[in-house]
1. When you go through GLU185, GLU169, GLU148 one by one, which is the residue that is closer than 22 Å to LEU129 by Cβ, charged (D, E, K, R) and surrounded by fewer than 24 Cβ atoms within 10 Å (Cβ to Cβ)?
2. Just to be sure before I move on: is TYR44 among the hydroxyl-bearing types (Ser, Thr, Tyr), part of a helix (DSSP H, G or I) and either modelled with pLDDT of 95 or more or not assigned by TED's automatic domain parsing to the domain that holds VAL117 (or both) in the structure I sent?
3. Take the stretch 18-57 and flag every residue that is surrounded by fewer than 22 Cβ atoms within 10 Å (Cβ to Cβ) and under 26 Å from PHE137 (Cα atoms).
4. Being among the hydroxyl-bearing types (Ser, Thr, Tyr) and surrounded by fewer than 23 Cβ atoms within 10 Å (Cβ to Cβ): is that true of SER177 here?
5. Could you check LEU172 against (1) modelled with pLDDT under 95; (2) part of a strand (DSSP E or B); (3) of a type outside the set (Phe, Trp, Tyr) and say which number it fails?
6. What number goes with the only condition from (1) hydrophobic (A, V, I, L, M, F, W, C); (2) surrounded by 15 or more Cβ atoms within 10 Å (Cβ to Cβ); (3) over 25 Å from ARG42 (Cα atoms) that VAL68 does not pass?
7. Looking at the stretch 126-145 only, could you name the residues that are of a type in the set (S, T, N, Q) and buried (at least 17 other Cβ atoms within 10 Å of the Cβ)?
8. Does the stretch 151-165 hold any residues that are in a loop (DSSP other than H, G, I, E, B) and surrounded by 23 or more Cβ atoms within 10 Å (Cβ to Cβ), and which are they?
Amino acid sequence: MPCNTMKRAKKAKSVILFDNDGTLSDSVTTVIEATNMALTARGYSPSPDEEIIDGMRIKTTLRMLNHVGNSDENLGTSLANDYYAAFFSIIGRIELFEGIAACLKTLIDRSYVLGIVSNNASDIVDAVLSQNQIRSFFSLIVGEDNAEETKPGPGGLLQACRLLDVKPENSLYVGDSLSDSVAAEAAGMPSIGVKWNHHGTVDIETLGFTFTVDTPDEILFIAMNH
């Protein structure tokens with residue numbers, strides 16, 4: 001598991017966990033392109049954007065099988081590996097949303113401990129964070145390959161809390177999709193829904209997050225006051 005030496009939480013509300021795709025990184029269009037690269041290379045039809053975006057809520061092997069209408073686990077693994085290879089081939093284009101780097105730096109300066117819980121593979125997340133020079137801000141990455149349970153289940157969030165020695169209710173999870181809010185609620189963790197990646201016509205206010213924010217600066221305000 002790609003992971004720095006982990007800091008331990010020392011106070012209430014001192015840990016903030018983040019989703020990556022669509023929350024920190026403006027990577028959704030890259031996920032769409034890599035998915036269709038993998039599908040068409042094997043002779044399958046490309047999937048619609050909204051279908052791919054909706055599928056990002058679940059594990060990649062299952063998502064890829066859904067795109068081809070199949071349930072064969074071996075095929076799912078092969079398609080997922082093709083997707084990862086395609087993603088890495090175009091990963092260099094992914095940038096952070098505006099204001100994210102400054103927000104994370106401020107949180108670190110205020111002694112918050114940060115982590116990632118993503119349904120993407122941990123090495124992909126590590127690479128995206130590293131190329132955008134924010135990897136050092138995060139004490140751990142829990143991805144689909146090393147999570148005890150992927151979202152929308154709460155297992156990955158609970159795993160991160162256990163590793164960072166913090167109670168779920170004393171942390172925050174920041175995400176952008178229904179699976180993020182459902183996982184956080186199941187874990188007993190307050191959540192923040194971000195509005196800068198709206199997944200088409202989906203209203204982030206309707207997804208069950210404890211809080212919603214328009215800008216990264218608001219994350220610090222919530223962390224300090226709730």
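1. Answer to the check: GLU148.
2. It is false that TYR44 is among the hydroxyl-bearing types (Ser, Thr, Tyr), part of a helix (DSSP H, G or I) and either modelled with pLDDT of 95 or more or not assigned by TED's automatic domain parsing to the domain that holds VAL117 (or both).
3. ASP26, VAL28, THR29, THR30, ARG57 - these are the residues of the stretch 18-57 that are surrounded by fewer than 22 Cβ atoms within 10 Å (Cβ to Cβ) and under 26 Å from PHE137 (Cα atoms).
4. no
5. (1)
6. Every condition holds for VAL68 apart from (3).
7. SER139
8. So the first thing to find is which residues in the stretch 151-165 are in a loop (DSSP other than H, G, I, E, B), and the list is 151-154, 165.
Selection gives LYS151 alone.
The values are calculated or read from the model by the stated rules, or taken from the named source; none is laboratory data. The model shown is predicted, which means the values in this text are computed figures rather than measured ones. Note that each Cβ is placed from the backbone with ideal geometry, even for glycine, and that neighbours are counted across all protein chains shown.
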